[in-house]
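Student: One structure follows; several queries about it will come next.
The numbers here are math on the coordinates, done by the rules we state, and not lab data. All of these numbers come straight from a predicted model, not from anything done at the bench. All Cβ positions, even for glycine, are placed from backbone atoms using ideal geometry, and neighbour counts span all protein chains on display.
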Amino acid sequence: MLTSLKGRSVIVTGGSKGIGRGIAKVFAATGARVTITARGEESLKKTCDELNRAGGTVRYEICDVSDWDSVRAMVDSTAKAQGGLDVMCANAGAFPQTKIVDMDVAEWDQVLATNLRSAFLCVKAAIPHFDRAGKGRVVLTSSITGPITGFPGWSHYGASKAGQLGFLKTAAMELSRYNTTINAVMPGNIYTEGLQDLGQEYLDTMAASIPLKRLGAVEDIGNAALFFASDEAGYITGQQVVVDGGQIIPESLDSLGEI
Ligand code: NAP
């Protein structure tokens, strides 16, 4: 049993849907005060209402994580509303699928800004609050795609997710000065709105290639993030954990038939 995060102040970017909603749900269930952020207000409001109805203390802020002014304003106003900041879950991300030959420079830049620049911006905006509190936690949502695996159409996405892990190493050293840890969760295929957009054939193919024979649930990622944010994980920094039902393990698809 982890020490409770009751009353802690938490931000979850991309918290209106999918994995971010799962992370917010897990933290809210422990009694943390959670701010979820995204660009679209309708889904933010819906998720916020849903989590509060379930007993959470959740608010929302509209924020574009690729924009410095937007991130800084969101972090500062959340810290004001929640009496400081204890945990930053930099989760928001996008994964349009376009092969290199068809990709324009604008799409490459947009994906890198949404997924990688955002990690830098969220950490940078949180530092003054962690400095003031004398402690802090950052959890990044990376991916298996990029750092470990590849998939056609996701060269920009893979680069951004591997880039997050490169950022993580030096950030862990620099954040230690503020008694702050930073770690990353690397999800496999998690059943979210974003993944559903890829179509049923994609979902079926992925489920069939996972030793545990199912796509992950958003709470699976929320639980890993909660661990990194817990007091018990206080001596872990600059690390990453794969949460994928064993997807990266098989040497061939045939080997799954041997189970
Ligand atoms: P999702 O269902 O599409 O949700 C994405 C969330 O991020 C939404 O709340 C979205 O809200 C927000 N968002 C997107 N662009 C944003 C921006 N520029 N500024 C602020 N918020 C933004 O995606 P998901 O599947 O939950 O993925 C969440 C994270 O997990 C991403 O970093 C993704 O790369 C990572 N991941 C997912 C999987 C998976 O299998 N699902 C696997 C590995 C890693 P708005 O559009 O309203 O802004």
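Student: For the range 171-242, build the charge dipole from Cβ charges (+1 Lys, Arg; -1 Asp, Glu) around the Cα centre, then report which of L175, Y202, P187 sits farthest towards its positive end.
Tutor: L175
Student: Another question, then. Could you give me the ³J(HN,Hα) list for the range 226-239, computed from phi with Karplus coefficients 6.51, -1.76, 1.60 and θ = phi - 60°, whole Hz, x at Gly and Pro?
Tutor: The phi angles translate into 4, 4, 4, 8, 6, 4, 5, 9, x, 9, 10, 8, x, 10 Hz.
Student: Then there's this: Once the Cβ-Cβ distance between R132 and L212 is put in as r, and R0 is 30 Å, what FRET efficiency do you end up with, to the nearest 0.05? Show your work: numbers first, answer last.
Tutor: On the way: r = 42 Å, r/R0 = 1.41.
After rounding to 0.05, the efficiency reads 0.10.
Student: Give the cross-link partners of K25 among the aspartates and glutamates, using a straight C-alpha distance below 17 Å as the criterion and excluding same-chain residues fewer than 8 apart.
Tutor: Partners found: D49, E50, E61, D86, E193, E219, D220.
Student: If you project the alpha carbons of the range 69-190 onto their three principal axes, what span does each projection cover, largest first, in Å?
Tutor: 47, 26, 25
Student: So which trypsin sites (Lys or Arg not before Pro) in the range 144-239 pass both tests, a DSSP loop state and at most 13 other Cβ atoms within 10 Å of the Cβ?
Tutor: K213, R214
Student: Under 19 Å Cα to Cα from K124, which lysines show up? Leave out anything in the same chain fewer than 8 places away.
Tutor: Straight-distance partners of K124: K80, K135, K161, K169.
Student: Moving on to the next point. On C-alpha positions alone, give me the angle between the axis of helix 118-133 and the longest principal axis of the chain, in degrees, nearest 10.
Tutor: Tilt of helix 118-133: around 30 degrees.
Student: Related question: Given +1 on the Cβ of Lys and Arg, -1 on the Cβ of Asp and Glu, and no further charges, what dipole in debye does the chain carry about its Cα centre, rounded to the nearest 20? Let's see the in-between values first.
Tutor: Working: 24 positive and 28 negative charges, 224 e Å.
Its charge dipole is roughly 1080 debye.
Student: Please list, in order along the range 168-179, the HN-Hα scalar couplings obtained from phi with the Karplus expression 6.51 cos²θ - 1.76 cosθ + 1.60 (θ = phi - 60°), rounded to whole Hz, x for Gly and Pro.
Tutor: 4, 5, 6, 4, 4, 5, 5, 6, 4, 4, 9, 6
Student: How large is the helix-only mean residue ellipticity at 222 nm for the chain, computed as the sum of -39500 (n - 2.57) over DSSP H runs with n ≥ 4, divided by its residue count, in deg cm²/dmol to the nearest 500?
Tutor: Helices in the chain give a 222 nm mean residue ellipticity of -13500 deg cm²/dmol.
Student: I would also like to ask the following. Assuming 0.36 nm per residue, please report the length gained on full extension of the stretch V101 to S252 beyond their Cα-Cα distance.
Tutor: On the way: separation 151, 0.36 × 151 = 54.36 nm, distance 2.79 nm.
51.6 nm is the gain from fully extending V101 to S252.
Student: Net charge around A28, counting only other residues with Cβ within less than 13 Å of its Cβ (Lys, Arg = +1; Asp, Glu = -1)?
Tutor: Overall, the nearby charge balance is +4.
Student: Between rounded, prolate and oblate, where does the range 9-246 land on the alpha carbon gyration tensor, with a ≥ b ≥ c its root eigenvalues, rounded for a/c under 1.5, else prolate if a/b exceeds b/c?
Tutor: Rounded, because the longest to shortest axis ratio a/c is under 1.5.
Student: Work out which GluC sites (Glu not before Pro) in the chain are exposed loop sites (DSSP not H, G, I, E or B, at most 14 other Cβ within 10 Å) and give the longest gap free of them.
Tutor: Formally, the longest exposed-site-free interval is 1-250.
Student: May I ask for the distance between the Cα centers of the range 146-198 and the range 90-113, given as a whole number of Å?
Tutor: 14
Student: Pick out, from S16, A29, A126, the residue whose Cα sits farthest towards the positive end of the charge dipole of the range 1-146, with +1 on the Cβ of Lys and Arg and -1 on the Cβ of Asp and Glu.
Tutor: It is A29.
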